[in-house]
Amino acid sequence: MFLMQHISEIDELSAYPSIDTEVLRTFVAIADQGGFTRAGELVNRTQSAVSMQMKRLEEDVLQRQLFQRDGRQVKLTAEGQVLLGYARRILKLHSEVFNTLREPHMVGMVKIGTPDDYVMRFLPGILSRFAQAYPLIQIEVHCNSSEQLLQRQDLDLSIVTREPGSEIGQLLRKERFVWAQAQCFNPNEQVPLPLAMFNSDCFCRRWACNALDASEREYRIAYNSSSLSAIMAVVSAGLAVTAQLESLIPQDMRILGEAEGLPQLPEASIMLLRNLHTPSPITECLAEHIVEGFKL
């Protein structure tokens, strides 16, 4: 019974026409570049060849209109948008197959260091996508403050937060620091203002304190921890205000500013550092995934 069902599924799949990955690659290039000419340059094909590929895809294979043409500009139809999502996924899986089967040297271990801040916000997606592409690589994650990570020599990659003017390595993203509180908390009722902050070696704590000093706002460090989750638990309970990178603030918290009498805070740079003494294809592949992950 199982064999007959399996054969039936194969027969059903074989009834559909196949789409070559090169055609999908051209289609994605057109969507990204907004035109056939620029897409042709990207995939190393003439405009006429690109047009012929897309005509066959629309008329013979899918029998759906994928493009709306306006002079030289090309936009996707609703059907084209649907295909674009599938095309990106198919090409990604196609790449992962070849990375896994054709690159047997992609086996080993990578040690990365990151502050606790980024573990829950960024790493799950990054590591999940990397594991799908390179399932035989082991990753060892070390959580330390940025200052501690800068002192370590045993890590292949480190993600650190840096002040303006002190950036080193590759920029992942710039973000502003913001004040945040629980929805039920009113900072104006608290004198001095209770803060939940990282330990004293964190420069964001120094920024927050210097900004409050400059604005002559009374405050006290009510809660102190090296763990972001511990700080957020205190703030969520309505016990204190914190200052963190904007992307780390949960949706159930309220971002504060000058309207609440709190001073503006500067931007910080999130940087990726490579250990130049231990370069490898494995490390560089993970670095590429980290760069892409911090864009999301």
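The values are calculated or read from the model by the stated rules, or taken from the named source; none is laboratory data. Fair warning: this is a prediction, and the values are worked out from it, not measured in the lab. Here the Cβ positions follow ideal geometry from the backbone for every residue, glycine too, while neighbour counts run over all protein chains shown.
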| Which of the residues spanning segment 153-168 are at pLDDT 90 or above, surrounded by 13 or more Cβ atoms within 10 Å (Cβ to Cβ) and either more than 30 Å from Val235 (Cα to Cα) or not hydroxyl-bearing (Ser, Thr, Tyr) (or both)? | Leu155, Asp156, Leu157, Ile159, Val160
| task | Check Thr46, Thr114, Thr100 and return the single one that is surrounded by 15 or more Cβ atoms within 10 Å (Cβ to Cβ), β-branched (Val, Ile, Thr) and at pLDDT below 90. | result | Thr100
| If you take the residues in segment 49-76 that are modelled with pLDDT under 85 and under 32 Å from the mean Cα position of the chain (by Cα), which one is farthest from Leu91 (Cα to Cα)? | Gln73
| Elements of type helices (runs of 4 or more DSSP H) in segment 117-171, at least 2 residues being in contact with a helix residue (DSSP H, G or I) (Cβ under 7 Å, 6 or more places away or on another chain) | 117-121, 123-133
| said: Among the numbered criteria (1) of a type in the set (Asp, Glu); (2) surrounded by fewer than 14 Cβ atoms within 10 Å (Cβ to Cβ); (3) at pLDDT 90 or above, which one does Glu79 miss? | reply: (2)
| request: Could you tell me whether segment 180-190 includes any residue that is in a strand (DSSP E or B), touching a Phe, Trp or Tyr at 6+ places or on another chain (Cβ under 6 Å), at pLDDT 90 or above and among the small types (Gly, Ala, Ser)? | output: no
